[in-house]
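Participant: This is the structure I want to talk about, given as structure tokens.
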Amino acid sequence: MSRALREGFTTGTAAAAAAKAAALWLATGAAPARMDTPLPPGGRLMVPVAAVLPEGGGARGRVIKDGGDDPDATHGRAVEALVTLDPHGPPGEIALAGGRGVGRVTLPGLPVPPGEPAINPAPRAQIRRAVAEALETARFPGAARVVVEVPDGEEIAARTMNARLGIVGGVSILGTRGTVRPFSHESWAATVLQGLDVARAQGLDHAALATGGRTEALLRADLPGLAPLAFVQFADFFALALGGAAQRGFARVTVGCYFGKLVKMAQGHEYTHAHAAALDFETLARWCAGAGMAPQAVARARRAVTARHVLEMILADGARDAIIAHIAVRALAAARRHAGAAAGPAPAIALRVYGFDDAPLYAIQGDHGP
């Protein structure tokens, strides 16, 4: 029997707990080892505090980020808050800044304007609320200043999409829920939509959606005239990316994918990850037969267990072009449905399909709307 998956908490919750612990220590001389921390949508979470240390005239709280059973790039890393208190400052005022390892926004289109630290609105409010609770508990009459830091943030950011979004020098402090649901991939979905936001804020009207890094490299080679910010990796979020592009008013969308993802798109999966979207080989074999594949090959395709194996059969068949076109037309129709579900005019959508050796397999251009 499988165990229940364990939830974790966001970088915003880690920063809020660290800040509250440091503020409480400064105001009362003590802080618990587990901090009762407010969450953005309501509710609370007990967060372990790794340390509270005096520093200058303030205190530094440290929390180790725990992503639960859905670890991300910041899982296991320290998130810190350096807090100083001013007894003569405006009562209840809490200033917030980003320090080392917290990125800075350089492009428009994100929830935070250029020039500001990459601390999203929900965690900003969460951190301020947590510190306000500490000051209220201690009946502290003045103001506070919080500097959020992630000591390894610059190194961690090199493995994220931050640079592409115009976030430089470190990681983002995120979290609209405050907790992380295992395998929800909420942060990646948010990154997809933020990438589209940034592209539109730069005035771009053609989005190039790639399933991953390799696909993006192929799309870039095929579309050399597009600006780098036009390329957005959507991973498995097929419906979300197409709907998001339509909602943001892109006139054109080009989707790049490998054959396996193409089949899942054609089979109507809105989210194409292996754990959520199994490839239906019976349906795939039926499509191959309908497009003219030899009967013996159809029987083998029906028994296949990988998309790569079926593609090898297709490429060896005399009807290869017709088979791939048949699947691509279905995938394009699905893409148009997802884009057409958004308010406003749907974009013109194109598909570029690649083989497992990165060679182009098929390209199809659709018109506007379903």
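The values are calculated or read from the model by the stated rules, or taken from the named source; none is laboratory data. If you're wondering where the values come from, they're calculated on a predicted model, not measured in any experiment. Just so you know, the surface numbers come from the protein's heavy atoms only, side chains and all, with ligands and any DNA or RNA stripped out. Shrake-Rupley method; radii C 1.70, N 1.55, O 1.52, S 1.80 Å.
Participant: Rounded, prolate or oblate for the stretch 5-140? Axes are the square roots of the Cα gyration tensor eigenvalues, ordered a ≥ b ≥ c, and the cut-off for rounded is a/c under 1.5.
Facilitator: oblate
Participant: Under a 5 Å amide H to amide H cut-off, with H placed in plane at 1.01 Å, what residues pair with residue 96 once short-range neighbours are removed?
Facilitator: Here the answer is 146, since their amide H atoms fall under 5 Å of that of residue 96.
Participant: Bins of 20 Å, beginning at zero and ending with the bin holding the largest distance: percent of Cα pairs per bin for the chain, please.
Facilitator: Each 20 Å bin holds this share of Cα pairs: 27, 45, 23, 5, 0.
Participant: Moving to a separate point now. Over the stretch 165-253, what portion of Cα pair distances is larger than 22 Å, expressed as a whole percent?
Facilitator: Value for the stretch 165-253: 28 percent of Cα pairs lie more than 22 Å apart.
Participant: Rounded to a whole number, what % of the accessible area of the chain do carbon and sulfur atoms account for, probe 1.4 Å?
Facilitator: Within the chain, the accessible surface is 55 percent carbon and sulfur.
Participant: Turning to a different aspect of this structure: How much length would be gained if the chain were fully extended between residue 294 and residue 44, taking 0.36 nm per residue of separation minus their Cα-Cα distance, in nm to one decimal?
Facilitator: 83.9 nm is the gain from fully extending residue 294 to residue 44.
Participant: Under 5 Å between amide H atoms, partner at least 5 residues away or on a different chain: which partners does residue 116 have, H built in plane at 1.01 Å?
Facilitator: 105
Participant: Which of the lysines could a cross-linker span from residue 65 if the Cα-Cα distance has to be under 28 Å and same-chain partners fewer than 8 positions apart are dropped?
Facilitator: Correct list for residue 65: 20.
Participant: Ok, one more. So who's got an amide H within less than 5 Å of the one on residue 173, skipping anything under 5 residues away but keeping other chains? H placed 1.01 Å off N, in plane.
Facilitator: Long-range HN contacts for residue 173: 119, 120.
Participant: Excluding ligands, DNA and RNA, what is the solvent-accessible area per residue of the chain at a probe of 1.4 Å, expressed in Å²?
Facilitator: Per residue, the chain has an accessible area of 43 Å².
Participant: If you wrap a convex hull around the alpha carbons of the stretch 94-189, what volume per residue comes out, as a whole number of Å³?
Facilitator: 109
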